[in-house]
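Single-structure report; data block below.
The values are calculated or read from the model by the stated rules, or taken from the named source; none is laboratory data. Because the structure is predicted, anything quoted here is derived from the model rather than measured. Because the Cβ atoms are built from the backbone with ideal geometry, glycine has one as well, and the counts that use them run over all protein chains shown.
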């Protein structure tokens, strides 16, 4: 990967990060709420799962690039996405651990 071209890939990488983060967060949140989990647990799980991107995606992309199935433009974008999400994941997890959402079904303490 040519790191000198990273500034060219920042905008597409940010769009991919936001799109995948929001879509994974919403999907996980909705599935867990429908399954009966409380909103706090669903949101915390969604935040934890949505921010994680694996290094395995780089291996798969490189393999795809080597056989000609993935364009050379994709690999640096995926590299930027992986690096950025790797660094923001601990902060997102910390944010999730601080969240407390009142549940509609919570028992009131008398």
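For the criterion of being under 26 Å from residue 98 (Cα atoms) and loosely packed, with under 12 Cβ neighbours inside 10 Å, residue 36 passes.
Residues that are modelled with pLDDT under 80 and in a loop (DSSP other than H, G, I, E, B) within the stretch 51-67 comprise 52, 53, 54, 55, listed in sequence order. For the stretch 68-77, the criterion of being modelled with pLDDT of 85 or more and part of a loop (DSSP other than H, G, I, E, B) is met by at least one residue.
Based on what the data block shows, is residue 46 outside any helix (DSSP H, G or I) and at pLDDT 85 or above? Taking the combined requirement at face value, the residue does not satisfy it. Where residues in the stretch 8-33 are under 17 Å from residue 77 (Cβ atoms) and surrounded by 15 or more Cβ atoms within 10 Å (Cβ to Cβ), which of them is nearest to the chain's Cα centre (by Cα)? Within the stretch 8-33, the match that is nearest to the chain's Cα centre (by Cα) is 21. Does any residue of the stretch 83-94 turn out to be touching a residue at least 60 places away in the same chain (Cβ under 8 Å), loosely packed, with under 15 Cβ neighbours inside 10 Å and either in contact with a helix residue (DSSP H, G or I) (Cβ under 9 Å, 6 or more places away or on another chain) or not in a loop (DSSP other than H, G, I, E, B) (or both)? No: zero hits. Of all residues in the stretch 39-57, those satisfying the criterion of being under 11 Å from the mean Cα position of the chain (by Cα) and under 16 Å from residue 97 (Cα atoms) are 46, 47, 48, 49, 50, 51, 52.
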